[in-house]
Amino acid sequence: MSIISNSTARAIKDSADALMKGDLVAFPTETVYGLGADATNKDAIARIYMVKGRPVGHPLIVHISSLENLDKWARDIPEYAIKLARAFWPGPMTLILSRTDLAKDFITGGQDNVGIRVPSHVVALTLLKEFESLGGLGVAAPSANRFGAVSPTSVTAVEVELADYLSVNDKFLDGGTCMVGIESTIIDCTRSIPTILRPGAVSSEMITQILGLPLKSLNTKHNQVHAPGTLESHYSPKAKVFLNGTPVAGDGLIALHSFKTPIGVVRLASPIDNEDYARSLYKAFRLADSKKLEKIFAIPPTGDGIATAINDRLAKSAFEK
Ligand code: TXA
Ligand code: MG
């Protein structure tokens, strides 16, 4: 069993060493916890797939400490992508770009492009900087959950998901609860117009404001870029999720705090606004599963911005498998 560490300077240095040796490190980001490995180490990446139970061919996001390192991994970067990176990195945004030779098929799932992100969580950034100071070039990190399950937003949730699958040399860094709570916005930047492949806290409104450009609307069936995380069924708790209907005694409920809890219904989250809704959602899903509830009723948030991303995750979690 691996050991959870408080993210002291020492623990972060040890984690960077572990990554250099090919071990795995679960670490906090502002979105969700990631399961990290040296993005140039084929064997370490193979372990990520094993630990997650993730089918091969699902590409991984490479995390770097700064925009300065982007051209190691990506080439022919469009000007609009640089503008986005300047505006939103470090932060909850992943850019899909044409790859350099450094991004091997075992990272990209054989595609000619690579996903890159500079996270803003101080523990993630410090870990990436330490890793780069040892000669590392990037850390591949999918969300630290078993395939298809809910992303972890606390180190305890990572432990529940993955402790049984990790080895004694792997590490967990504790960085508290993730402030955003849902995964990064993924933007395909391989064509003349950017396309959002996965909505997140960097919203389409924020992107159009920076670029003054329209976005290509997402139509997963016709996307040329293959982003398996946009599968209809994903991000699912064990309980069945309903987005309409009325909960009865014993069912779970997620809704803004102004919504009253019917008698006997188990309140899983009462977020005060949409940002808080995003931050609470996965914790609420996990709580429902730990209480062995069969049904969760979620009242979808309204509005744009992060509400779009929450509604995307709710729709996926409610999708009939
Ligand atoms: O917020 C996040 O993005 C978190 C934290 C840890 O950074 N990471 C994360 O990774 O959510 P993951 O692997 O759980 O989800 C990434 C999604 C996957 O569905 C993958 O298919 C897609 O991004 N993806 C990664 N690289 C891609 C690429 N080159 N082209 C298309 N889709 C890609
Ligand atoms: Mg994931």
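Of note:
- Tensor-based shape of segment 84-152 (alpha-carbon gyration tensor, a/c under 1.5 rounded, otherwise prolate or oblate): rounded
- Prolate/oblate/rounded label for segment 123-209 (Cα gyration tensor, a/c 1.5): prolate
- Mean Kyte hydropathy of -1.0 or more with a Cα span along the axis of at least 15 Å, helices from DSSP in the chain: 9-21, 42-52, 122-133, 274-290, 306-318
- Extension gain for N169 to K13 (0.36 nm times residue separation, less C-alpha to C-alpha distance): 54.8 nm.
- Full extension of the chain between H58 and V122 gives 20.3 nm of extra length, using 0.36 nm per residue less the Cα-Cα distance.
- For the chain, the longest site-free run once GluC sites (Glu not before Pro) in DSSP loop states with at most 12 other Cβ atoms within 10 Å are removed: 1-231
- Annotation for segment 145-175 versus segment 31-62: alpha-carbon center distance of 13 Å.
- Stokes-Einstein diffusion coefficient of the chain, Kirkwood radius over Cα pairs, 25 °C, 0.890 mPa s, in µm²/s: 124 µm²/s
- Cα gyration tensor shape of segment 271-321, rounded if a/c is under 1.5, else prolate or oblate by comparing a/b with b/c: oblate
- Accessible surface computed residue by residue for the chain, with neighbouring protein chains in place and a 1.4 Å probe, gives 43 Å² per residue.
- Relative contact order [Cα under 8 Å, 6+ residues apart], the chain, whole percent: 20 percent
- Loop-exposed chymotrypsin sites (Phe, Trp or Tyr not before Pro) per DSSP, neighbour cap 15 Cβ within 10 angstrom, longest uninterrupted part of the chain: 1-146
- Calculated FRET efficiency for the pair I210/K129, C-beta based, R₀ 22 Å, to 0.05: 0.25
- Label-point gap, in nm, between L102 and L67 - each point 7 angstrom along Cα→Cβ: 1.7 nm
- Proximity of backbone amide H atoms, modeled 1.01 Å from N, is registered between V266 and G250, D251, G252, L253 at under 5 Å, excluding neighbours fewer than 5 places apart on the same chain.
The values are calculated or read from the model by the stated rules, or taken from the named source; none is laboratory data. All of these numbers come straight from a predicted model, not from anything done at the bench. Backbone-built Cβ (ideal geometry, glycine too); neighbour counts: all protein chains shown. To get the accessible areas, we keep the full protein, side chains included, count just its heavy atoms, and leave off ligands, DNA and RNA. Shrake-Rupley method; radii C 1.70, N 1.55, O 1.52, S 1.80 Å.
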